[in-house]
Amino acid sequence: MKMVYVLMQKELKQFFISPIAYVVMMIYLALSGFFFFTNMEAFSQQYKYLKNMMQYLNNPDILARLNLNEMVIARALFNMVFIFLFLLPLIMMKSFAEEQKQKTDELLKTSPITLNQIIAGKYLGSLLFVTILILPTIAYQALLFYYSSPELGPVITGYLGILLFASIGIAIGLFASSITENQIIAAVITFVILLFLFIINLISHAQGSILLDIITYISVAEHLSNMLRGVIDTRDLIYFLSFIIFFLFLTKKTMETKGWR
Amino acid sequence: MIQLHNLVKNYGHFQAVKGVSLEVQKGEILGFLGPNGAGKTTTMRMLTGVIPPTSGTATIDGFDIFDSPLHVKQRIGYLPETPPLYFDFTVKSYLEFVMKIKQVPNVDRKQNLTWAIEKCGLVDVQKRLIGNLSKGYKQRVGLAGAIINKPKVLILDEPTVGLDPKQIREIRSMIQELSQEHTIILSTHILPEVAMICDRAAIIYQGKIVMNDVIANITKEKSLEEVFIEIISKEGAES
């Protein structure tokens, strides 16, 4: 456990020592802020419109159709996941690829640590970095809570959903950077796998069979939408966990074929 | 201290190392010689656990590299051809990280760090980024990382490459000093260096050990360089 902690620390340090962390953070905060603003703007437009309607029709129920959680928070959180689709490949492309290129893997290989400890250290270090990355966006939600009273539950499950999606991305990124020492290739592989998980449900409308169920199950958006709505379903948790374990397993097997033990 | 039994490494159809057997006694310095591509680095990498051997085995301090790799790795310090450095770390923080993953006990860390930094002449650069250092300094940081846990066995792949003459002399005397408590395998192309500091020399050629003897025996009649050239041209003519 102590070694995992040491390796995690080193991983996190490497993020913050290089300019990458700050560039990624800036992009992430700027984009998520922009998405938050556009969703908020759309909401307030609709609010004004419905308020006029209410006065005109004299029907106070109309305003009840507006839901801050669904119309602003859930959408903004989904957009944050969407940004990760592009940023996770960039965050993760160094990981094992750089170690192999700079030959620093030889230091890790000849030190008294196991492959499991190395993978766990890298995984947790990256996860911690991503957590630090999304932490400041809580400020946007805090604004909403200050001026209005949305439900807290869906916000928490929504953030959990983002972290789980990032966890899958990190596992895929580790795998991709373990098979190559070329960072660009690693980034592209991570991106393609993540994109595949994202868009596969687009074809589900065309089918109507068992295939539909499978595709719906694989699609990450289906599982995320539950969490963004505030529902934690064990099936979704199993989905995320099984993907994480699957890609960490692949990473381990790839490293083993390269002589890591 | 170190035993290699019939180590073999195949890369596809190419056999890089064809059954190397060696033994190094405690406190000995073995000079590991051979032309480029003879299998020196491959043998050292197998011994340190960087790559698994195709067949054969090796033990270090009585521990098998297959059965108890962690015990073996606690006992070795390895300086590869390319020093394994994190360029965006400072010298000091790099060495601290190396001590942590090599599990140097907390109480010894401060002392080991000062010792390694002084031994390798890094006092003036310890706060600088490794990426900004010259090649010679990088080599020395690599060396400091290899010796920092005071390992029983030290395996150095061309430790004096890229150093200036003064540094080479310093490193040599350091290696000799270390050999009092450590067992050392040293690969190099500089033959006089071997004659000067090693107790024993092994010459590897085309993946096989073609000579393994005490320096005094080898250099009885001819210089080490003559012996080396002779062996390599003779073996080359045969194959």
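Relative contact order, whole percent, for chain A stands at 27, derived from Cα pairs under 8 Å and 6 or more residues apart.
Can you compute the helix-only [θ] at 222 nm over chain A? Use -39500 (n - 2.57) per DSSP H run of at least 4 residues, normalise by all residues, nearest 500 deg cm²/dmol. Can you show the working numbers first?
Numbers: 12 runs with 202 residues, N = 261.
The helix contribution divided over chain A gives -26000 deg cm²/dmol.
Measuring between their Cα centroids, the range A:1-66 and the range B:67-120 lie 43 Å from each other. Rounded to the nearest Hz, the phi-derived 3J(HN,Hα) couplings of the range B:23-30 under the Karplus curve 6.51 cos²θ - 1.76 cosθ + 1.60 (θ = phi - 60°) are 9, 10, 7, 4, x, 8, 10, 9, where x marks glycine and proline.
For B:ILE209, nonlocal amide neighbours, meaning residues 5 or more places apart or on other chains whose placed amide H falls under 5 Å from its own, are B:SER21. Each residue, A:ILE232 and B:GLU81, gets one label point 7 Å from its Cα in the Cβ direction; the gap between the two is 5.2 nm.
Rounded to the nearest 20 debye, the dipole magnitude of the range A:2-257 is 360 debye, with +1 charges on Lys and Arg beta carbons, -1 on Asp and Glu beta carbons, and the Cα centre as origin. Based on the Cβ-Cβ distance from A:SER44 to B:ASP88, what FRET efficiency comes out when R0 is 51 Å, to the nearest 0.05? After rounding to 0.05, the efficiency reads 0.70. Multiplying the residue separation of B:ILE190 and B:GLN111 by 0.36 nm and subtracting their alpha-carbon distance yields 25.2 nm.
I need the calculated FRET efficiency for the pair A:ASN67 and A:ASN182, taking r as the beta carbon distance and R₀ as 35 Å, to the nearest 0.05. If you can, show how the numbers build up before the last one.
Values: r = 47 Å, r/R0 = 1.33.
E(calc), rounded to 0.05, equals 0.15.
Taking amide H as placed 1.01 Å from N in the peptide plane, the amide H of B:THR183 sits under 5 Å from that of B:GLY27, B:VAL153, B:LEU154, each at least 5 places away or on another chain. Near A:ILE20: Cβ cut-off under 14 Å, other residues only, Lys/Arg at +1 and Asp/Glu at -1. The net charge is -1.
For the range A:196-261 versus the range B:1-60, the inter-centroid distance based on Cα atoms is 44 Å.
Rounded to the nearest angstrom and listed largest first, the equivalent-ellipsoid semi-axes of chain B from its Cα gyration tensor are 30, 21, 17. Take the Cα of A:VAL192, step 7 Å toward its Cβ, do the same at A:ASN116, and the gap between the two points is 3.2 nm.
Classify the range A:2-257 as rounded, prolate or oblate from the Cα gyration tensor: take a ≥ b ≥ c as the square roots of its eigenvalues, call it rounded if a/c is under 1.5, otherwise prolate when a/b beats b/c and oblate if not.
Numbers: a/c = 2.62, a/b = 1.83, b/c = 1.43.
It is prolate, given that a/c is not under 1.5 and a/b is the larger ratio.
When A:THR257, A:THR114, B:THR48 are sorted by how many other C-beta atoms sit within 10 angstrom of their C-beta, beginning with the fewest, the order is A:THR257, A:THR114, B:THR48. Could you calculate the FRET efficiency of B:LEU129 with A:ASN59 from 1/(1 + (r/R0)^6), where r is the beta carbon distance between them and R0 is 45 Å, rounded to 0.05? Calculated transfer efficiency: 0.10.
Which of A:LYS258/B:LYS26; B:LYS138/B:LYS220; B:LYS40/B:LYS92; B:LYS138/B:LYS222; B:LYS18/B:LYS119; A:LYS122/B:LYS102 have a Cα-Cα distance over 28 Å?
Values: A:LYS258/B:LYS26 32 Å; B:LYS138/B:LYS220 37 Å; B:LYS40/B:LYS92 31 Å; B:LYS138/B:LYS222 36 Å; B:LYS18/B:LYS119 37 Å; A:LYS122/B:LYS102 17 Å.
Where the Cα-Cα span goes over 28 Å, the pairs concerned are A:LYS258/B:LYS26; B:LYS138/B:LYS220; B:LYS40/B:LYS92; B:LYS138/B:LYS222; B:LYS18/B:LYS119.
As a rough footprinting exposure proxy, the listed residues B:ARG45, B:ARG75, B:ARG169, A:ARG235 were ranked by other beta carbons within 10 Å of their own, and the order from fewest upward is A:ARG235, B:ARG169, B:ARG75, B:ARG45. Bridgeable aspartates and glutamates around B:LYS127 (alpha carbons under 16 Å apart, same-chain partners fewer than 8 residues away excluded): B:ASP88, B:GLU96, B:GLU118.
Ranking A:LEU7, A:SER44, A:PRO60 by how far each Cα lies toward the positive end of the dipole of the range A:1-61 (charges on Cβ) leaves A:LEU7 at the top. Cβ-to-Cβ counts within 10 Å put A:VAL220, B:VAL214, A:VAL6, B:VAL161 in ascending order as B:VAL214, B:VAL161, A:VAL6, A:VAL220, the fewest first.
Prolate is the label for the protein assembly as shown, because the ratio a/c of its alpha-carbon gyration tensor axes (a ≥ b ≥ c) is 1.5 or higher and a/b is greater than b/c.
Per-residue ellipticity at 222 nm for chain B, helices alone: DSSP H runs ≥ 4 residues times -39500 (n - 2.57), over residue total, nearest 500 deg cm²/dmol?
Theoretical 222 nm ellipticity from helices: -11500 deg cm²/dmol.
Compared with the direct C-alpha span, the chain from A:PHE82 to A:PHE37 gains 14.6 nm at full extension, assuming 0.36 nm per residue.
In order along the range A:247-261, phi translates into HN-Hα couplings of 6, 5, 4, 4, 4, 4, 5, 4, 5, 5, 5, 8, x, 7, 9 Hz, rounded to whole numbers, per the Karplus curve 6.51 cos²θ - 1.76 cosθ + 1.60 with θ = phi - 60° and x for Gly and Pro. Here each label is just a point 7 Å from Cα along the line to Cβ, and for A:ILE203 and B:ARG169 those points are 7.3 nm apart.
Taken together, the values in this text are just the output of simple stated rules run on the coordinates, not laboratory data. Here the structure is a predicted model, which is why all the values come from computation and not from measurement. Here the Cβ is made from the backbone with ideal geometry for all residues, glycine too, and neighbour counts use every protein chain on show.
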